[in-house]
Amino acid sequence: MTTAPPKKIGILTSGGDSPGMNACIRAITRTAVYHELEVVGFRSGFKGVLEMDFRPLGSRSVSNIIQRGGTILGSSRCEEFEEKEGLYRAAENLREIGIDALFVIGGNGSLRGARELMDSWSGQVIGLPGTIDNDLGGTDWTIGFFTALDTALDSIDKIRDTAEAFERIFLIEVMGRLAGDIALGVGISGGAEEILIPEIPLDLEAVGRRLMGAKKRGKGSYIIVVAEGVCNGGAHEVAREITRITSYECKLCVLGHTQRGGSPTARDRILATRLGAHAVKVALDGATGVMVGVQKGELALTRFENLERDRRILDPEQLLKINTMLTI
Ligand code: F6P
């Protein structure tokens with residue numbers, strides 16, 4: 001850990017972009033400028049560190065971005081950074097540029113990279129949870145999750161109109177390779193009849209039975225929200241199986257990357273702003289190797305090595321039970 005407070009900081013956004021990353025870049029930059037720190041932004045995540053692709057950031061360079069989706073710095077999944085060689089080069093470059101503290105906004109993979117960088121670089125590393133998936137330990141909410149929920153919900157509401165008109169069965173695939181948070185969130189708020197998530201073993205025979213029972217009782221439309229990681233082949237495979245089991249035709253809609261875009265909701269902007277400002281404060285206090293998050297409404301720090309261990313285990317049982325009761 002460096003003892004002197006940082007004078008020059010770097011910011012990067014990495015992995016899947018999420019709405020609110022810009023609000024976070026803005027909060028980090030302006031808090032740093034307030035404390036008279038020099039700020040640079042790396043282009044396209046860790047790739048920018050490896051390629052020495054960066055630019056100075058000041059208060060004005062982050063004007064008018066709080067409402068914008070995506071990330072003004074760009075993002076990437078940088079394979080080179082997963083190799084020892086890449087990490088050494090990144091460390092050398094950071095030393096050459098004179099960075100004292102690096103702020104990494106991203107999800108699981110990005111924060112793993114941030115942690116590994118610390119083996120070859122002695123500067124401070126602070127992580128911020130930026131992913132729509134909400135699948136990180138150390139925080140109840142990740143930046144972008146709430147916007148993704150609203151985006152997906154808007155689509156589900158629209159699909160419901162046409163599903164109802166034709167009394168159709170619709171499968172809607174939402175993002176979430178490893179976590180069912182988006183599916184559970186939009187499934188509950190969209191009034192879906194079924195919610196299929198990776199955390200719960202898939203039982204399509206049971207889904208088929210419930211669907212046939214509901215149809216017998218005179219139910220018209222039937223909405224099934226599927227997290228992409230629920231099985232190999234995602235909602236395509238689920239649709240095929242349900243048709244095989246029930247003989248009902250299933251319409252399919254994959255929401256895909258629409259969930260990653262768009263203007264962040266107020267809730268994501270507030271979260272991103274709180275976390276960004278706090279990240280600078282803890283860096284000034286000497287913290288390193290930690291991710292800032294929010295737990296039970298309070299700002300919290302979690303060491304990188306505990307992010308996996310402290311991963312909030314989604315307990316969807318109760319919500320799914322309620323949801324099944326509502327499917328009458
Ligand atoms: O990590 C966020 C996420 O949106 C996942 O839910 C999704 O599986 C993945 O990114 C897709 O990312 P890409 O298409 O950018 O590789």
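The values are calculated or read from the model by the stated rules, or taken from the named source; none is laboratory data. If you're wondering where the values come from, they're calculated on a predicted model, not measured in any experiment. Cβ atoms come from the backbone with ideal geometry, glycine included; neighbour counts cover every protein chain shown.
Condition first: of a type in the set (A, V, I, L, M, F, W, C) and more than 13 Å from the ligand (Cβ to nearest atom). Now tell me which residues in the range 156-185 satisfy that.
First, the residues of the range 156-185 that are of a type in the set (A, V, I, L, M, F, W, C): 156, 159, 163, 165-166, 169-172, 174-175, 178-179, 182-184.
Ile156, Ile159, Ala163, Ala165, Phe166, Ile169, Phe170, Leu171, Ile172, Leu184 - these are the residues of the range 156-185 that are of a type in the set (A, V, I, L, M, F, W, C) and more than 13 Å from the ligand (Cβ to nearest atom).
Give, as residue ranges, the strands (runs of 3 or more DSSP E) completely inside the range 1-97 that count at least 1 residues that are touching a strand residue (DSSP E or B) at 6+ places or on another chain (Cβ under 9 Å) and of a type in the set (Val, Ile, Thr).
Values: elements: 8-13, 38-42, 54-57.
It comes to 8-13, 38-42.
So which strands (runs of 3 or more DSSP E) stay within the range 166-260 end to end and still have 2 or more residues that are free of Cβ contacts under 8 Å to residues at least 60 places away in the same chain?
Numbers: elements: 169-174, 194-196, 222-227, 250-254.
Fully inside the range 166-260 and qualifying: 222-227.
Hey, among the residues in the range 261-286 that are buried (at least 19 other Cβ atoms within 10 Å of the Cβ) and in a loop (DSSP other than H, G, I, E, B), which one's farthest from the ligand (Cβ to nearest atom)?
Thr265
Name the residues in the range 126-143 that are of a type outside the set (Val, Ile, Thr), in a strand (DSSP E or B) and more than 11 Å from the ligand (Cβ to nearest atom), would you? Step through it out loud before you land on a result.
First, the residues of the range 126-143 that are of a type outside the set (Val, Ile, Thr): 127-130, 133-138, 140-141.
Filter once more, keeping what is in a strand (DSSP E or B): 127-130.
Result: Gly127, Leu128, Pro129.
So which residues in the range 106-125 are touching a Pro at 6+ places or on another chain (Cβ under 9 Å) and either at pLDDT below 95 or within 13 Å of the ligand (Cβ to nearest atom) (or both)? Can you show your working first?
To start, the set of residues in the range 106-125 that are touching a Pro at 6+ places or on another chain (Cβ under 9 Å) comprises 106-107, 111, 123-124.
Once the filter is applied, which keeps residues that are touching a Pro at 6+ places or on another chain (Cβ under 9 Å) and either at pLDDT below 95 or within 13 Å of the ligand (Cβ to nearest atom) (or both), the range 106-125 yields Gly106, Gly107, Leu111.
Can you go through Gly98, Gly48, Gly10 and tell me which one is in contact with a Ser or Thr (Cβ under 9 Å, 6 or more places away or on another chain) and either within 16 Å of the ligand (Cβ to nearest atom) or modelled with pLDDT of 95 or more (or both)?
Details: Gly98 fails: in contact with a Ser or Thr (Cβ under 9 Å, 6 or more places away or on another chain); Gly10 fails: in contact with a Ser or Thr (Cβ under 9 Å, 6 or more places away or on another chain).
Only one candidate passes the filter, namely Gly48.
Restricting the search to the range 233-257, which residues are within 16 Å of the ligand (Cβ to nearest atom) and touching a helix residue (DSSP H, G or I) at 6+ places or on another chain (Cβ under 6 Å)?
Scanning the range 233-257 gives Gly234, Leu255.
Residues of the range 19-45 being within 16 Å of the ligand (Cβ to nearest atom) and either acidic (Asp, Glu) or in contact with an Asp or Glu (Cβ under 8 Å, 6 or more places away or on another chain) (or both), which ones?
Of everything in the range 19-45, those that are within 16 Å of the ligand (Cβ to nearest atom) and either acidic (Asp, Glu) or in contact with an Asp or Glu (Cβ under 8 Å, 6 or more places away or on another chain) (or both) turn out to be Pro19, Gly20, Ser44.
Could you tell me which residue of the range 57-87 is surrounded by the most Cβ atoms within 10 Å (Cβ to Cβ), considering only residues that are of a type in the set (A, V, I, L, M) and away from the ligand (no atom under 16 Å from the Cβ)? Outline the logic, then answer.
Taking the range 57-87 as the starting set, the residues that turn out to be of a type in the set (A, V, I, L, M) are 57, 62, 65-66, 72-73, 87.
If we keep only those that are away from the ligand (no atom under 16 Å from the Cβ) as well, we get 57, 62, 65-66, 72, 87.
Details: Leu57: 24, Val62: 22, Ile65: 16, Ile66: 18, Ile72: 16, Leu87: 22.
Restricting to residues being of a type in the set (A, V, I, L, M) and away from the ligand (no atom under 16 Å from the Cβ), the top hit is Leu57.
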